[in-house]
Amino acid sequence: MQHVIIGGGIAGITAAKAIRLNDPQATIVLISNEKEKPYYRPYYRPLIPLLISGEKNKEDIYLQNDPIKTYGIQIEHGLAALLETDKKRITLSTGKVVAYDKLLIAAGSSPAVPKIPGVQSKGVFTLRTMEDAQAIREFALARKAKQEKKAVVIGGGFVGIKAAIALRKLGLNVQIVERLGQLGYPRLDEVASSIIQKELEENGVIVHLNNIVEEIEDNLSYRQIRISSGDNIEADLIIICVGTKPNVEIFKKAGVDAASGIKVNELLQTNVPDVYAAGDIVEFKDEVIGKPQVSALWTNAQEMGKIAGENMSGGNKKFSAFLSIMNATEVYKLPVISIGLVNLPENEVKSYAGESLHEIFISRSGKFYRKLVFAKDTLVGALLIGNVNNAGLYLNLIKNKILCAHLKSKLALGQINPRLLIV
């Protein structure tokens with residue numbers, strides 16, 4: 001039996017491990033476009049930006065006990081360029097053809113790149129992989145040596161914020177340009193955004209909200225960004241952090257059903273026989289929102305990979321309790337955790353919870369901020385800044401939809417023993 005896995009992230013690696021444990025004799029082929037060994041890269045707690053600042057090196061984030069050797073995985077380097085499900089084979093960008101008996105699509109996502117004039121200029125980067133981070137660091141250090149230290153991050157989400165911090169720690173002058181009126185939407189609300197923005201500004205990062213990048217002008221003598229306010233920002237280095245898009249196109253052409261991501265059932269099977277999917281290329285019903293979502297969470301990808309691998313090798317396990325909305329990071333030394341519905345527009349809150357069935361509890365003191373959102377008798381959102389104690393408790397309550405109406409005030413004040421509610 002030949003199992004082929006497209007994608008070398010945690011979903012693909014975990015699937016390979018599960019297959020090997022179930023079937024010691026199976027042939028496992030992993031197709032990856034990255035030259036590096038498998039590494040740790042959860043996007044809800046970004047580590048990749050730490051390679052830019054030098055706080056981490058490659059050895060720090062490689063997965064322990066190299067899974068390629070440990071589980072006897074054959075590696076094929078290249079992009080999957082063509083999937084022929086009728087012939088059960090994949091053609092790679094190198095021209096090589098790989099046959100499969102069972103196939104797992106775990107090809108992940110790619111950085112979204114806005115259609116901005118000049119976006120292909122030298123010195124403009126996206127940030128997704130270890131290779132991206134290394135290229136940014138090398139470029140930044142080379143420019144810094146020439147006293148060219150102006151950097152701009154386009155996008156004020158969690159990855160953009162971490163990229164800005166990394167560049168600042170490297171000694172660059174950093175500005176963030178965000179098209180919305182706050183940072184981190186929808187993972188942060190306006191209050192949380194203001195706390196984060198103040199922390200960034202206190203550490204020398206300039207933030208431009210409500211601004212769209214209209215053009216990147218690249219001349220031989222200078223590079224600058226024109227934003228919608230009419231200002232021009234000089235930039236020796238630019239990083240684009242405006243989200244990701246699942247790599248679904250070649251699979252859709254092969255007849256695999258996909259919308260935002262690939263559609264799967266509870267066994268993580270696609271509509272095509274012997275073809276499974278896992279990780280952040282998949283859309284699955286979110287337990288809180290109640291609608292299909294694509295999630296970049298490491299924990300979801302890991303669990304999906306395990307279940308897909310077991311099912312590919314004879315199992316019959318179901319994937320459930322999918323929570324797509326969770327982020328955890330640090331803004332300098334300020335911890336931030338966002339879980340579930342913390343900043344939905346009023347119409348979306350009503351569509352989920354009903355006209356008057358949601359309650360919000362807020363506690364704030366300086367940089368400390370806690371916001372809990374309830375729908376009927378269950379917790380559906382938690383936003384914590386400064387003091388993130390009990391985050392695991394809130395996650396457990398949200399993910400498992402535990403009734404907790406009688407505990408609302410105590411939960412809001414953080415006065416609950418987490419061990420009493422763990423299921």
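Every number in this text was worked out from the coordinates using simple rules, so none of it is lab data. Please read all numbers here as calculations on a predicted model, not as lab measurements. Because the Cβ atoms are built from the backbone with ideal geometry, glycine has one as well, and the counts that use them run over all protein chains shown.
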**Prompt:** In angstroms, what radius of gyration and Dmax does the range 124-240 have, counting Cα atoms only?
**Reply:** 13.6, 42
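Calculate, in nm to one decimal, what GLN415 and ASN173 gain on full extension: separation in residues at 0.36 nm each, minus their alpha carbon distance.
Length gained between GLN415 and ASN173: 82.9 nm.
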**Prompt:** Measuring from centroid to centroid over Cα atoms, what is the spacing of the range 59-77 and the range 116-158 in Å?
**Reply:** 29 Å
**Request:** List LYS253, LYS102 from most exposed to least, where exposure is judged by having the fewest other Cβ atoms within 10 Å.
**Result:** LYS253, LYS102
**Prompt:** Taking the simple approach of a point 7 Å from Cα along Cα-to-Cβ for both ASP60 and ILE212, what is their distance in nm?
**Reply:** 3.8 nm
**Prompt:** Anyone know which of ALA142, ALA382, ALA235 comes out most mobile in the 10 Å Cα GNM of the chain?
**Reply:** ALA142
**Message:** Amide H of SER295 versus every other amide H placed in the peptide plane: which residues, excluding those fewer than 5 positions away on the same chain, fall under 5 Å?
**Reply:** VAL282
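Let me know the shape class of the range 38-139, please: from the alpha-carbon gyration tensor, a ≥ b ≥ c as square roots of the eigenvalues, rounded when a/c is under 1.5, otherwise prolate if a/b is greater than b/c, or oblate. Show your work: numbers first, answer last.
On the way: a/c = 2.52, a/b = 1.34, b/c = 1.88.
Since a/c reaches 1.5 but b/c is at least a/b, the shape of the range 38-139 is classed as oblate.
Sorted from fewest to most neighbouring beta carbons within 10 Å, what does the list CYS241, CYS404 look like?
Details: CYS241 27, CYS404 17.
Arranged by neighbour count, lowest to highest, CYS241, CYS404 become CYS404, CYS241.
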**Complete:** Sparse-neighbourhood loop hits (trypsin sites (Lys or Arg not before Pro), the range 130-173; DSSP loop; Cβ within 10 Å at most 12 others) -> LYS146
**Message:** Let's test the formula: R0 of 56 Å, r as the Cβ-Cβ distance of LEU79 and ASN389. What FRET efficiency results, to the nearest 0.05?
**Reply:** 0.80
**Request:** Extending each Cα 7 Å along its Cβ direction at SER229 and TYR185, get the distance between those two points in nm, one decimal.
**Result:** 1.6 nm
**Low-density loop cleavage sites - chymotrypsin sites (Phe, Trp or Tyr not before Pro) in the range 121-230, where at most 15 other Cβ are within 10 Å (DSSP)** = TYR222
**Prompt:** Can you sort ILE360, ILE105, ILE68 so the residue with the fewest Cβ neighbours within 10 Å comes first?
**Reply:** ILE360, ILE68, ILE105
**Message:** Students often get this wrong, so try it: which of (i) 1.02; (ii) 0.95; (iii) 1.48 is Cα Rg over 2.2 N^0.38 Å as calculated from the structure shown?
**Reply:** (i)
